[in-house]
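Participant: Could you have a look at this structure, given as structure tokens, before my questions?
The values are calculated or read from the model by the stated rules, or taken from the named source; none is laboratory data. None of the values given here were measured: they were computed from a predicted structure. For neighbour counting, all protein chains shown are included, and Cβ atoms are generated from backbone atoms with ideal geometry for every residue, glycine included. Side chains are part of the model used for accessible areas, which takes the heavy atoms of the whole protein and leaves out ligands, DNA and RNA. Shrake-Rupley method; radii C 1.70, N 1.55, O 1.52, S 1.80 Å.
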Amino acid sequence: MTDDQQTIRDAVLALCAQFSDDYWLERDNDGEFPVEFHQAMAQAGWLGIAMPEGCGGSGLGITEAAIMMQAVAESGGGMTAASSIHGPVFSMEPIIAFGTQEQQQRMIPPILSGAQKMCFAVTEPNVGLDTTKLKTRAERGDGGYRVNGEKIWITNAHVADKMMLLARTTPLDQVKRKTEGLSLFYTSIDRSKIEHRLIPKMGRHAVGSNMLFINDLFIPEEDRIGNEGDGFKIILQGLNPERILLGAEAVGLGRVAIKRAAQYARERIVFDRPIGMNQGIQHPLAKCWAQLEAANLMVLKGATMFDKGEDCGVEANAGKYLAAEAGFEACHTAMLSMGGMGYAKEYHVERYLREVLIPRTAPVSPHMILNFLAEKVLELPKSY
């Protein structure tokens, strides 16, 4: 890292140190959104790290954003802390790339300041990664669109003021290519037209995942991002940054798990000596450390390529895959190294293990990434 990047890491870790392990344990137990943390990060200017200065951001790159998000997860806040601010860091990118100056000035600053929260509504039931089959329909009318449909696994929709929404404006059977006819909107969440239902889940309880039921929602035309029908092309702009940031967060989560396990191994005395003297404890933890640091290099390579404007799909996906797998093994190994206490909430590692399953599973599974790498790098035929 450069001196400036190290300064970013140190400053973020210092801010995150204000939020103790007990704070994150309480949020995991009560399921309340970490408002205090979100506001602290917003007021310090970190939500706009990768946004242009003209919109209230810092004008830095995805590399610096990855370093920041990694530090957030590594601080002990894990995926709860990271997911509470993850969206603003990268999800506004389509507005920068395709929005008008008026849209950029109207939409972005309130998110970066923390005055508003946003969510990213793409995924639908029975559609999954086959985005071109989205069924949510936006029909043009006077001055805008009427939207009806359902969304699922929409992070923070229950606390959000704004929503980035992908919907079909031209029926699938009326377009030449299936990637056409989808449009992207950034609009207010009208609770009288949108019902949310929280999805009970395994971890990251303080950052809710929602089902959305949209019934006759009006979206004014000025809230459409880019041209009508270009939504699929626009949304692709954010896929690589998302993978890079999730990879960085997985590395951070793995690091804090290994750190906690190593500390425990130094202090836990069995048979009159620290259990950390046993190679059965040492070697698995050391292996996890090496795997995490190697994965981090691929994540940062993808980030660097993105910031240079180079095609980084392979590197971003490979980095996310390696980091998620290494992060999972690190969290699991840390729990096993601590024995029964690794399963106890007061030691926090069991929370890390639950949360690391998020980057391992979403937004794309390891199997789909391997499919992608096999086709793009090895030039093997498509398997689906």
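Participant: 222 nm [θ] for the chain, helices only, -39500 (n - 2.57) per DSSP H run of 4+, per residue, to 500?
Facilitator: -16000 deg cm²/dmol
Participant: Pairwise over distinct Cα atoms, reciprocal of the mean inverse distance: report the Kirkwood radius of the stretch 178-322 in Å, one decimal place.
Facilitator: 19.4
Participant: Considering the convex hull of the alpha carbon atoms of the stretch 138-204, report its projected area averaged over all viewing directions, in nm², one decimal.
Facilitator: The orientation-averaged projected area of the Cα hull of the stretch 138-204 comes to 6.1 nm².
Participant: Let me ask another. The stretch 267-383: Rg/Rh from Cα coordinates, Kirkwood Rh?
Facilitator: In the stretch 267-383, Rg relative to Rh is 1.10.
Participant: Would you mind checking the tilt of helix 239-267 against the longest principal axis of the Cα atoms of the chain, expressed as 0 to 90 degrees and rounded to 10?
Facilitator: Value to nearest ten degrees: 20.
Participant: Out of the total accessible area of the chain (probe 1.4 Å, heavy atoms of protein only), what percent is carbon and sulfur?
Facilitator: On the chain, the fraction of accessible area on carbon and sulfur atoms equals 52 percent.
Participant: Let me check against my output: what whole-number percent is the relative contact order of the chain, with C-alpha pairs under 8 Å and at least 6 apart?
Facilitator: 16
Participant: Same structure, new question: Using a Debye calculation, one point per C-alpha and no hydration shell, please list log10 I(q)/I(0) for the stretch 1-100 at q = 0.12, 0.13, 0.17, 0.23 Å⁻¹ in order.
Facilitator: -0.39, -0.45, -0.74, -1.22
Participant: Using a 1.4 angstrom probe with every protein chain in place, what is the largest-first accessible-area order of Glu346, Glu124, Glu293?
Facilitator: Ranking Glu346, Glu124, Glu293 by accessible area, largest first, yields Glu346, Glu293, Glu124.
Participant: As a test of the definition: which semi-axes, in Å, follow for the stretch 325-384 when you take the square root of five times each eigenvalue of its alpha carbon gyration tensor? Largest first, please.
Facilitator: Whole-Å semi-axes of the equivalent ellipsoid: 34, 10, 6.
Participant: While we're on this one: Test of understanding: express the Cα radius of gyration of the stretch 77-197 as a ratio to 2.2 N^0.38 Å, with N the residue count.
Facilitator: Cα Rg divided by the expected 2.2 N^0.38 Å: 1.09.
Participant: Taking Cα atoms, how many degrees apart are the long axis of helix 21-30 and the longest axis of the chain, rounded to 10 and kept between 0 and 90?
Facilitator: Roughly 50 degrees, rounded to the nearest 10.
Participant: On to the next question. Please give the per residue volume of the convex hull enclosing the alpha carbon atoms of the stretch 260-334, rounded to a whole number of Å³.
Facilitator: 71
Participant: Which residue fluctuates most in the GNM of the chain (Cα springs below 10 Å): Asp130, Asp28, Asp272?
Facilitator: Per the Cα network of the chain with a 10 Å cutoff, Asp272 tops the list.
Participant: Quick one: order Ser192, Ser84 from most to least accessible surface, probe 1.4 Å.
Facilitator: Descending order: Ser192, Ser84.
Participant: Give me the orientation-averaged projected area of the Cα convex hull of the chain, in nm², one decimal.
Facilitator: 19.8
Participant: His283 accessible area, nearest 10 Å², 1.4 Å probe?
Facilitator: Rounded to the nearest 10, that gives 100 Å².
Participant: I want the antiparallel fraction of DSSP beta bridges within the chain, as a percent rounded to 5.
Facilitator: 85
Participant: Let me ask another. Can you spot the aspartates and glutamates whose alpha carbon is less than 20 Å from Lys176's alpha carbon? Ignore those fewer than 8 places along the same chain.
Facilitator: Asp130, Glu139, Glu228, Asp230
Participant: Which entries of Lys233/Lys308; Lys259/Lys376; Lys233/Lys382; Lys117/Lys259; Lys233/Lys376; Lys117/Lys345 have Cα-Cα distances beyond 25 Å here?
Facilitator: Distance filter (> 25 Å) returns Lys259/Lys376; Lys117/Lys259; Lys117/Lys345.
Participant: Let me ask another. What fraction, in whole percent, of alpha-carbon pairs in the stretch 192-278 exceed 22 Å separation?
Facilitator: 64
Participant: How far is the Cα center of the stretch 256-289 from the Cα center of the stretch 1-46, in Å?
Facilitator: 27
Participant: For Lys135, give me every one of the lysines with a C-alpha distance below 16 angstrom, ignoring sequence neighbours fewer than eight places off in its own chain.
Facilitator: List returned: Lys151, Lys178.
Participant: Separate question: Between Gln174, Gln105, Gln282, find the one with the highest GNM mean-square fluctuation for the chain; connect C-alpha pairs within less than 10 Å.
Facilitator: Gln174
Participant: Next question. With angles folded into 0 to 90 degrees, how steeply does helix 313-337 sit against the dominant principal axis of the chain? Use alpha carbons for both and round to 10.
Facilitator: On a 0 to 90 degree scale, this one is about 40.
Participant: Still on this structure: Could you list the residues of the stretch 169-189 with an amide nitrogen less than 19 Å from a label point located 7 Å from the Cα of Asn215 in the Cα-to-C-beta direction?
Facilitator: Inside the label zone: 189.
Participant: Taking only protein heavy atoms and a 1.4 Å probe, what accessible area per residue, in Å², does the chain have with all protein chains in place?
Facilitator: 44
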